[in-house]
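Chemist: Below is one structure. I have some questions about it.
The values are calculated or read from the model by the stated rules, or taken from the named source; none is laboratory data. Small disclaimer: the values here were computed from a predicted structure and weren't measured. For neighbour counting, all protein chains shown are included, and Cβ atoms are generated from backbone atoms with ideal geometry for every residue, glycine included.
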Amino acid sequence: MIRLMRTSRADWPRCLARVAISFVLTAALALAAGAAEISSPPVATLSPDQRPTLVIVDAPAELMIMHHAHPLPPGKAEELALKLGIFTAGPIIRRYAREGTDPLPHAWRTDEPDRGFAAALAGALDRTQANWPWRDLRIAGSDTEANDVLAGLMAGEDVVLVTFQYVLEDQLHTVQLNARAHVKFVRAAGTPRESRTQFTIEHLSHTLDADWGHPSKYAAEFRLGGVLDQMVDGAALDLSRALAVTVARMTTAAPDLHVAGRHFADLLEKPKCPQCRPNDAVLHEEPGRVWVAPSSLAGTVLSLPVETGGQMASEGTQG
């Protein structure tokens with residue numbers, strides 16, 4: 001049985017003092033322990049984000065068609081003139097010899113001069129949809145504005161500058177969408193250690209039956225939401241993915257676009273590629289498309305269509 005000890009009135013002040021001192025010491029020890037816990041470094045700290053900043057330069061506002069001269073031999077041109085007459089044969093001869101760039105014919109135009117490329121690209125690069133190998137995305141309206149963005153970043157940052165181009169290649173009786181991303185990788189920008197690497201990603205679509213000399217005959221393929229618009233959407237998506245792959249490769253310890261597990265010779269279905277050699281690296285392969293880094297085209301990645309059993313591809317449905 002526990003005995004209760006009686007304390008006289010004279011001992012009360014001494015007891016109260018002891019209780020107060022005990023309370024103060026306990027509080028002081030608790031504060032010291034808390035301060036030590038706060039001042040001690042955490043067991044694990046997050047490493048800084050080493051990914052580069054991506055700066056996109058707006059693509060051209062209008063899709064154009066590019067002609068390449070295929071002049072008829074003089075004997076063939078003369079034979080054609082004798083057969084059809086000079087007034088009928090003249091436009092045909094000039095058509096084969098045409099060189100340069102023109103706006104799309106009126107029968108091929110829509111209310112979107114760029115065929116929706118800018119919007120498709122913005123959607124493809126939406127940071128909420130993928131874990132991209134860049135930490136931030138900036139969009140500039142021109143090369144000058146892109147350089148201003150670069151100058152405004154912190155010294156020592158890595159930056160990827162990308163300029164997009166696209167054009168319809170006139171192949172006389174067919175056209176082919178050619179979209180390019182010109183990439184400049186700037187490491188340690190604004191410091192004595194700054195270095196720059198440049199390469200190009202080129203997307204080629206399947207060919208589309210169309211003759212610039214007879215545009216109305218092929219107007220259906222160029223209507224809003226038609227085959228051409230689907231090709232443009234597919235090009236924007238494909239370029240964004242190829243950009244992510246190549247940037248990720250360039251940020252590794254030993255960057256090399258030509259290192260891959262497969263080679264061009266290993267492909268069961270090969271794309272048309274006069275520049276490709278058997279040992280060229282294959283960076284990616286999927287139904288209807290393959291990415292190749294040709295050794296004959298230094299610093300270039302080609303995204304090429306693969307014809308499978310006469311397939312007429314709708315580029316917007318791939319990927």
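Chemist: Just to be sure before I move on: is Pro278 in contact with a Phe, Trp or Tyr (Cβ under 8 Å, 6 or more places away or on another chain) and within 25 Å of Trp108 (Cβ to Cβ) in the structure I sent?
Modeler: Details: in contact with a Phe, Trp or Tyr (Cβ under 8 Å, 6 or more places away or on another chain): yes; within 25 Å of Trp108 (Cβ to Cβ): no.
It is false that Pro278 is in contact with a Phe, Trp or Tyr (Cβ under 8 Å, 6 or more places away or on another chain) and within 25 Å of Trp108 (Cβ to Cβ).
Chemist: Is it fair to say Arg262 is more than 21 Å from Phe117 (Cβ to Cβ) and either assigned by TED's automatic domain parsing to the domain that holds Gln165 or at pLDDT 95 or above (or both)? Talk me through it step by step, then tell me what you get.
Modeler: On the way: more than 21 Å from Phe117 (Cβ to Cβ): yes; either assigned by TED's automatic domain parsing to the domain that holds Gln165 or at pLDDT 95 or above (or both): no.
Spelling it out, it is not the case that Arg262 is more than 21 Å from Phe117 (Cβ to Cβ) and either assigned by TED's automatic domain parsing to the domain that holds Gln165 or at pLDDT 95 or above (or both).
Chemist: Okay, next question. Residue check: is Asp58 touching a Lys or Arg at 6+ places or on another chain (Cβ under 7 Å) and modelled with pLDDT under 85?
Modeler: Details: touching a Lys or Arg at 6+ places or on another chain (Cβ under 7 Å): no; modelled with pLDDT under 85: yes.
No, not satisfied.
Chemist: Scan segment 126-137 and give yes if some residue there is surrounded by fewer than 20 Cβ atoms within 10 Å (Cβ to Cβ) and not in a loop (DSSP other than H, G, I, E, B), otherwise no.
Modeler: First, pick out the residues of segment 126-137 that are surrounded by fewer than 20 Cβ atoms within 10 Å (Cβ to Cβ): 126-133, 135-137.
Next cut, not in a loop (DSSP other than H, G, I, E, B) only: 136-137.
Yes - at least one qualifying residue is present in segment 126-137.
Chemist: Got at least one residue in segment 101-116 being surrounded by 15 or more Cβ atoms within 10 Å (Cβ to Cβ), at pLDDT below 95 and under 22 Å from Leu54 (Cα atoms)?
Modeler: Yes, segment 101-116 contains a residue that is surrounded by 15 or more Cβ atoms within 10 Å (Cβ to Cβ), at pLDDT below 95 and under 22 Å from Leu54 (Cα atoms).
Chemist: Across segment 172-196, what is the number of residues that are surrounded by 15 or more Cβ atoms within 10 Å (Cβ to Cβ), modelled with pLDDT of 90 or more and of a type outside the set (Gly, Ala, Ser)?
Modeler: Selection size over segment 172-196: 9.
Chemist: Let me ask you something else. Here is a list of conditions, (1) surrounded by 11 or more Cβ atoms within 10 Å (Cβ to Cβ); (2) among the polar types (S, T, N, Q); (3) modelled with pLDDT under 50, and Ser40 meets all of them except one; can you say which number that is?
Modeler: Unmet for Ser40, out of (1) surrounded by 11 or more Cβ atoms within 10 Å (Cβ to Cβ); (2) among the polar types (S, T, N, Q); (3) modelled with pLDDT under 50: (1).
Chemist: Out of the residues in segment 181-192 that are part of a strand (DSSP E or B) and in contact (Cβ under 8 Å) with a residue 24 or more places away in the chain, which is farthest from the chain's Cα centre (by Cα)?
Modeler: Here is the first cut: in segment 181-192, the residues part of a strand (DSSP E or B) are 181-187.
Next, only the ones that are in contact (Cβ under 8 Å) with a residue 24 or more places away in the chain stay: 181, 183-187.
Details: Ala181: 7, Val183: 9, Lys184: 12, Phe185: 13, Val186: 16, Arg187: 18 Å.
Filtering segment 181-192 for residues that are part of a strand (DSSP E or B) and in contact (Cβ under 8 Å) with a residue 24 or more places away in the chain, the one farthest from the chain's Cα centre (by Cα) comes out as Arg187.
Chemist: From (1) of a type in the set (A, V, I, L, M); (2) modelled with pLDDT under 90; (3) part of a strand (DSSP E or B), pick out the condition that doesn't hold for Ala254.
Modeler: (3)
Chemist: Among the residues of segment 151-171 satisfying the criterion of being out of contact with any Pro (no Cβ under 8 Å at 6 or more places or on another chain) and outside any strand (DSSP E or B), which is modelled with the highest pLDDT?
Modeler: Here the answer is Gln171.
Chemist: Among all residue pairs at least 6 apart or on different chains, which show Cβ distances below 6 Å where the first residue, located in segment 68-86, is more than 17 Å from Gly213 (Cα to Cα) and the second is outside any loop (DSSP other than H, G, I, E, B) and modelled with pLDDT of 75 or more?
Modeler: Partner pairs satisfying both residue conditions: none exist.
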